[in-house]
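First comes the structure, then the notes that go with it.
The values are calculated or read from the model by the stated rules, or taken from the named source; none is laboratory data. Bear in mind that the values here come from a model prediction, so they are computed numbers and not experimental data. Cβ sites come from the backbone with ideal geometry, for glycine too, and all protein chains shown count toward neighbours. Areas reflect the complete protein model, heavy atoms only, side chains present, ligands, DNA and RNA absent. Shrake-Rupley method; radii C 1.70, N 1.55, O 1.52, S 1.80 Å.
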Amino acid sequence: MARGPADAPVTIRWFADLTSPLHPQALAVLRQVVDAYPSDVRLVFRHAPLAARPEARLLHEAAVAGAEQGRFWELHDVLLQRPVADRERLADYAAKLGLDRARFLDAIQSGRAAAAVDRDITDGRALDVRGTPTFFVNDARIDGVVTRDVLDQAITTALAQARAR
C-alpha cells in the first residue's frame, strides 16, 4: 500500500480514514507530491478508520483485500467513488477491477484483512494518532489536511537531513 521507490530518502506515512470528508483533499495533495518527487518520496498508506464511522472498518478491510492482490490504489479510488458497507457489493467492485472475487472475500472473511487494519490502528495509537489525516514525513508529524507548500517544506527538510547523514 505504497507508492514510490522503496529506497526513497523520504517516506510519508499517511494515517487515513477512507470515509473522512477530508480524505479526497489529502489524496489530491499527496498525488501532486509523489509526482513532483518521483525518486525522493515514498507514500505509505496506513489504515486509521475512526470509531465514529463504523462503516469505515469494512472499507479498510476491502482495501487490504485489494492490496493482497496488488490492486490497493485502484480499489482505493473505487471505494472513494462508491463507498458501501456490503461485502458482496465490495467483492463485485473488486471483480470488475480484475481481482479474484473468492480470494478477495476470503481475505475479509478469514480475518486477515482485519488483522492488517488492526496493526495500523495499533501503530497509530502508539504514535498518538487521534484523527485523520495524520502524516509523518520521515519522523516529522503533520496533523490535518495540509497544502502542497507545507509538505514541500517538510520534504525539503527531510531530504537535507537524509543527505547530511
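Computed quantities for the displayed model
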item: Only one of Arg125, Arg130, Arg141 that is among the basic types (Lys, Arg) and part of a helix (DSSP H, G or I); result: Arg125
item: Selected residue (only one of Leu59, Leu99 is more than 16 Å from Val117 (Cα to Cα) and aliphatic (A, V, I, L, M)); result: Leu99
item: Sole residue being among the small types (Gly, Ala, Ser) and surrounded by 14 or more Cβ atoms within 10 Å (Cβ to Cβ), chosen from Gly111, Gly124, Gly98; result: Gly124
item: Residue within the range 68-78 that is open to solvent by 20 Å² or more (accessible area, probe 1.4 Å), in contact (Cβ under 8 Å) with a residue 12 or more places away in the chain, out of contact with any Cys (no Cβ under 9 Å at 6 or more places or on another chain) and of a type in the set (S, T, N, Q) present; result: yes
item: Qualifying positions in the range 110-151 - more than 23 Å from His23 (Cα to Cα) and touching a helix residue (DSSP H, G or I) at 6+ places or on another chain (Cβ under 8 Å); result: Arg112
item: Candidates Leu80, Leu99, Leu151, Leu127, filtered to the one that is under 22 Å from Arg46 (Cβ atoms) and modelled with pLDDT under 95; result: Leu80
item: Any hit, the range 82-98, residues being in contact with a Leu (Cβ under 7 Å, 6 or more places away or on another chain), part of a helix (DSSP H, G or I) and touching a residue at least 40 places away in the same chain (Cβ under 8 Å); result: no
